[in-house]
Number of protein chains: 2
Amino acid sequence: MSPPSGSPIATRACTVARHMAGSPVPCSTCAARQFSICAPVPESELTEFFAMSARIRVEARRHLFNEGDPAQHVFNITAGTVCLSKALADGRRQITGFLSEGDFIGLAHGDSCAYGAEALTPVEACRFPRERFEQYMAKHPDVERRLLQIASTELAAAQDQMLLLGRKTASERLASFLLRLSDRAVARGEPANLVALPMTRSEIGDYLGLTLETVSRTMTQLRKAGAIDLDNVNMVRIVSQDSLRRLAGTV
Amino acid sequence: MSPPSGSPIATRACTVARHMAGSPVPCSTCAARQFSICAPVPESELTEFFAMSARIRVEARRHLFNEGDPAQHVFNITAGTVCLSKALADGRRQITGFLSEGDFIGLAHGDSCAYGAEALTPVEACRFPRERFEQYMAKHPDVERRLLQIASTELAAAQDQMLLLGRKTASERLASFLLRLSDRAVARGEPANLVALPMTRSEIGDYLGLTLETVSRTMTQLRKAGAIDLDNVNMVRIVSQDSLRRLAGTV
DNA sequence: ATGACGCTTTGACATGAATCATGGCGCCGA
DNA sequence: TCGGCGCCATGATTCATGTCAAAGCGTCAT
């Protein structure tokens with residue numbers, strides 16, 4: 001299934017699918033659209049909007065781009081999970097967000113990417129040339145307004161995360177994290193008490209400012225406290241939303 | 001000078017100055033304007049723009065608004081320093097930013113304020129009713145674009161801060177902090193090596209995810225390492241930008 | 001079926017920063 | 001000029017989390 005690793009010729013980090021001219025624009029049936037930057041694009045404009053972008057597929061563990069790369073594209077994720085991260089010279093890294101279906105990537109860049117983006121699972125996305133996307137926005141204030149709204153929401157989330165990283169204990173961090181994932185699941189019409197973890201303990205650690213060992217121990221702690229159960233390592237069942245909320249402090 | 005504290009009637013957290021009709025709009029001579037949200041407002045519109053806002057003065061230690069208040073206004077700071085913060089139920093708090101001349105307050109709010117804002121020094125600001133400001137933006141995409149740019153910059157800064165809070169040591173945090181203040185001073189045409197600290201050690205701690213004691217000790221450490229000198233508790237002289245950068249890791 | 005590999009869990013120990021406690025310094029008002 | 005108060009510096013000690021190490025478990029390719 002996966003290509004022979006290490007061969008730069010045979011390996012494709014990202015494949016581009018072409019759209020058949022004449023067939024209806026896939027946007028009209030895109031499940032991610034309602035959550036996405038493209039939500040305010042009217043039906044009449046969809047063809048033009050769609051034509052700006054390429055559909056890409058990225059394998060798990062591949063990077064969409066690296067921190068410091070020239071910022072050439074913006075993305076709208078239609079399937080899979082991506083993490084954004086920043087690193088220090090010695091390898092310590094901070095994951096600044098886990099993104100999935102409907103999420104936009106491309107805010108906060110200047111000329112170069114302020115963070116790297118890596119697929120944690122196989123990912124599908126719409127990729128837009130940054131410049132064309134900006135030109136489109138300049139002509140369509142609705143979309144620009146939507147992006148401002150997205151940026152504003154991101155900023156609020158970033159501030160919550162600062163509170164978490166600066167002032168919360170390990171169990172508060174993990175409890176907050178699980179509750180956020182749960183809220184997110186609810187927003188997508190999934191059950192609140194069953195939380196999938198597409199990322200490893202190490203990645204959770206890099207997001208919460210902890211080590212993977214502390215994440216693991218804390219997970220056990222929450223389990224022993226009766227707040228959660230582990231169906232398997234990647235599937236958390238929230239047993240008591242209340243105790244989890246109490247443990248989390250807030251958010 | 002300061003009003004008798006504790007009396008809700010005699011005390012004014014914020015005073016509103018009225019503008020004389022007919023006199024030229026103060027915006028044209030406002031030193032903060034070039035850095036501000038109002039930079040793209042054309043001369044011809046300044047009167048209208050100005051008329052939307054009230055000039056306010058806030059004493060040191062007073063709050064512009066509290067976390068959870070209904071979000072009624074947005075602000076543009078014209079003088080002084082403000083800190084934004086979020087708190088946990090038990091009083092732990094995280095300062096998410098120090099703002100000054102030219103900075104905009106009002107991003108990231110929903111119906112209620114996502115954070116509190118407190119004046120660290122006497123502050124002057126332009127205060128706009130949130131709704132009117134949004135209406136103005138809807139009619140003036142330039143201003144909306146500028147706000148998106150501001151939000152984007154804020155987001156990048158927030159991500160830097162997440163890296164700092166999640167992964168940096170105490171001395172890396174403090175070194176990064178001092179370098180940022182220095183960069184900021186440079187952007188305003190002030191000398192790079194002389195950094196004013198309008199906030200207390202405790203506030204620095206609440207910003208860097210440390211205690212005031214650790215901030216104090218670390219300041220001593222940086223001094224003994226020959227990276228900085230303290231003219232007095234509120235004035236840091238950067239002796240060696242290089243060693244400070246080495247200590248900081250990045251940013 | 002089996003072995004290998006990657007991820008997770010758990011244990012033992014180390015350590016950076018927090019906490020608790022004390023004294024010093026500087027500023028402001030009487 | 002003096003006293004008081006808030007902020008800061010520093011020391012002693014504790015503690016949460018990091019680090020190092022080893023073993024368990026699941027998955028996947030052979």
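The values are calculated or read from the model by the stated rules, or taken from the named source; none is laboratory data. All values derive from a computational prediction rather than experimental measurement. Cβ sites come from the backbone with ideal geometry, for glycine too, and all protein chains shown count toward neighbours. Just so you know, the surface numbers come from the protein's heavy atoms only, side chains and all, with ligands and any DNA or RNA stripped out. Shrake-Rupley method; radii C 1.70, N 1.55, O 1.52, S 1.80 Å.
Determine which member of the set B:Gly80, B:Gly91, B:Gly102 is open to solvent by less than 10 Å² (accessible area, probe 1.4 Å) and on the phi > 0 side of the Ramachandran plot. Break it down stepwise before answering.
Details: B:Gly80 fails: open to solvent by less than 10 Å² (accessible area, probe 1.4 Å); B:Gly91 fails: open to solvent by less than 10 Å² (accessible area, probe 1.4 Å).
One residue alone meets the criteria, B:Gly102.
If you go through segment B:107-144 and keep only what is within 22 Å of B:His63 (Cα to Cα) and among the charged types (D, E, K, R), you end up with B:Asp111, B:Glu118, B:Glu124, B:Arg127, B:Arg130, B:Glu131. Restricted to segment B:65-77, and to residues that are within 14 Å of another protein chain (Cβ to nearest Cβ) and open to solvent by 30 Å² or more (accessible area, probe 1.4 Å), which residue is nearest to B:Glu101 (Cα to Cα)? Restricting to residues being within 14 Å of another protein chain (Cβ to nearest Cβ) and open to solvent by 30 Å² or more (accessible area, probe 1.4 Å), the top hit is B:Glu67. Based on this model, can you work out whether A:Leu164 counts as touching a residue at least 24 places away in the same chain (Cβ under 8 Å) and more than 22 Å from B:Gln161 (Cβ to Cβ)? The answer is no for A:Leu164.
Taking the listed residues B:Glu172, B:Glu134, the one that is among the acidic types (Asp, Glu), within 11 Å of chain A (Cβ to nearest Cβ) and touching a residue at least 24 places away in the same chain (Cβ under 8 Å) is B:Glu172, with no other qualifying.
Please indicate, with yes or no, whether at least one residue in segment B:92-114 is in a helix (DSSP H, G or I) and touching a helix residue (DSSP H, G or I) at 6+ places or on another chain (Cβ under 7 Å).
no
Being more than 16 Å from DNA strand C (Cβ to nearest atom) and within 14 Å of chain B (Cβ to nearest Cβ) is true for just one of A:Arg188, A:Arg245. Which residue is that? Unique residue meeting the criteria: A:Arg245.
Could you tell me which residue of segment A:175-189 is nearest to A:Leu247 (Cα to Cα), considering only residues that are crowded, with 18+ Cβ neighbours inside 10 Å and in contact (Cβ under 8 Å) with a residue 60 or more places away in the chain? Going through the qualifying residues, I end up with A:Ala175. Is segment A:116-131 home to any residue that is in a helix (DSSP H, G or I) and not assigned by TED's automatic domain parsing to the domain that holds A:Met219? Yes, there is a match, as at least one residue in segment A:116-131 is in a helix (DSSP H, G or I) and not assigned by TED's automatic domain parsing to the domain that holds A:Met219.
Selection over segment B:126-172 of residues that are basic (Lys, Arg) and under 30 Å from B:Leu212 (Cβ atoms) gives a count of 2. Of all the listed residues (B:Thr47, B:Thr78), the sole one being polar (S, T, N, Q) and at pLDDT below 95 is B:Thr47. Name the residue, out of A:Gly110, A:Gly106, A:Gly166, that is within 13 Å of the chain's Cα centre (by Cα) and either within 11 Å of chain B (Cβ to nearest Cβ) or modelled with pLDDT of 95 or more (or both). One residue alone meets the criteria, A:Gly106.
Near DNA strand D (Cβ under 10 Å from one of its atoms) and either open to solvent by 50 Å² or more (accessible area, probe 1.4 Å) or in contact with a strand residue (DSSP E or B) (Cβ under 8 Å, 6 or more places away or on another chain) (or both): does that describe A:Thr169? I'd like the intermediate steps shown before the answer.
Values: near DNA strand D (Cβ under 10 Å from one of its atoms): yes; either open to solvent by 50 Å² or more (accessible area, probe 1.4 Å) or in contact with a strand residue (DSSP E or B) (Cβ under 8 Å, 6 or more places away or on another chain) (or both): yes.
Yes.
Selection of segment A:169-179 for residues being in contact with a Ser or Thr (Cβ under 8 Å, 6 or more places away or on another chain) and more than 16 Å from A:Arg217 (Cβ to Cβ) yields only A:Ser176. Here are B:Ser5, B:Ser23, B:Ser53: which of them is modelled with pLDDT under 95 and either under 24 Å from the mean Cα position of the chain (by Cα) or within 16 Å of DNA strand C (Cβ to nearest atom) (or both)? One residue alone meets the criteria, B:Ser5. In segment A:203-216, the residue that is least open to solvent (accessible area, probe 1.4 Å) out of those that are within 11 Å of DNA strand D (Cβ to nearest atom), over 15 Å from B:Leu164 (Cα atoms) and touching a residue at least 40 places away in the same chain (Cβ under 8 Å) is A:Val215. If you filter segment B:191-212 down to residues that are in contact with a Lys or Arg (Cβ under 7 Å, 6 or more places away or on another chain) and under 16 Å from B:Cys83 (Cβ atoms), you find that the one that is nearest to DNA strand C (Cβ to nearest atom) is B:Leu210. The single condition among (1) more than 14 Å from every other protein chain (Cβ to nearest Cβ); (2) of a type outside the set (D, E, K, R); (3) more than 22 Å from A:Val195 (Cβ to Cβ) that A:Ala89 does not meet is (1). Based on what the data block shows, is A:Glu124 over 27 Å from B:Glu203 (Cβ atoms), touching a residue at least 12 places away in the same chain (Cβ under 8 Å) and among the acidic types (Asp, Glu)? Criteria met by A:Glu124.
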